[in-house]
1. Inside segment 3-19, can you point out the residues that are surrounded by 10 or more Cβ atoms within 10 Å (Cβ to Cβ) and over 46 Å from the mean Cα position of the chain (by Cα)?
2. Of the residues that make up segment 56-79, is at least one among the polar types (S, T, N, Q), at pLDDT 85 or above and surrounded by 11 or more Cβ atoms within 10 Å (Cβ to Cβ)?
Amino acid sequence: MKHPQFEALLFDIDNLGHEERIALEAHLRECEQCKALATSWSDLEGEMRAAPQMEPATGFTERFRERLVVYKRRKQERLTLAMILALLVSLIIVTVFFGAELLTFVPSAIRLLLKSINGLMLLGGLLTILWDFALVLLEGITQSLPAGLLLAIAAATSGLAVIWMFSIYRTGFNTIRREQVK
C-alpha cells in the first residue's frame, strides 16, 4: 500500500514541523513499506554526502561568465527595444492628439519654405519650372489628402527619425565598446 502524503514528508524531513514529525514517526513504526523507503532514502543521502565533490570542467567559469555577459547584453537590448517601442507609441499618441492642430500650420509652412528655397534657386528656367511643378504638386497633395493620412505620414516620418537616431547611437556605442575590448 502506498502512502503518498508520508512519502512526501520523508523527502522533506528537514523542514517538518513538530506535529508532522511525530505523525511521520508513528506511521513509520506501523508501515514496513514506508520504513523501508525511509531507510533507503537515508542510506542514499549518506552516500551522496560521502561522495567526493566533482570539479567543474576546465574553462567552465569562463564560459559561464561569457554567457552571462551575452545574456545581460541581450536583456539590455530587449529593454532598450521596449523603451523605443514605448517612445514610438507615445509619439503616435501625441501626434494623434496634437497633430490636427499642427496640420493647420503645415501647408503655410511648406509654402513659405518652398518660396524661400525658390528665391535661392537662380539656376535657370528649367529648374524654376520643375520647382513650380513640384510646388503645385505638393500643394495639391497636401490639400487633397485627408488630415488623418497626413497625420499618419507625419507619425511614420517621426518614428523613422527616432529609429534612425537610435541606429546611429547604437553604431557609435558598439564601436566604442569594440575599441575598449581591444
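The values are calculated or read from the model by the stated rules, or taken from the named source; none is laboratory data. Quick caveat: nothing in here was measured; it's all calculated off a predicted structure. Using ideal geometry, Cβ is built from the backbone for each residue, glycine included, and neighbour counts are taken over all protein chains shown.
1. HIS3
2. So in segment 56-79, the residues among the polar types (S, T, N, Q) come out as 58, 61, 76.
Checking the rest, the ones that are also at pLDDT 85 or above come to 58, 61, 76.
Cutting the leftovers down to surrounded by 11 or more Cβ atoms within 10 Å (Cβ to Cβ) gives us none.
No, that holds for no residue.
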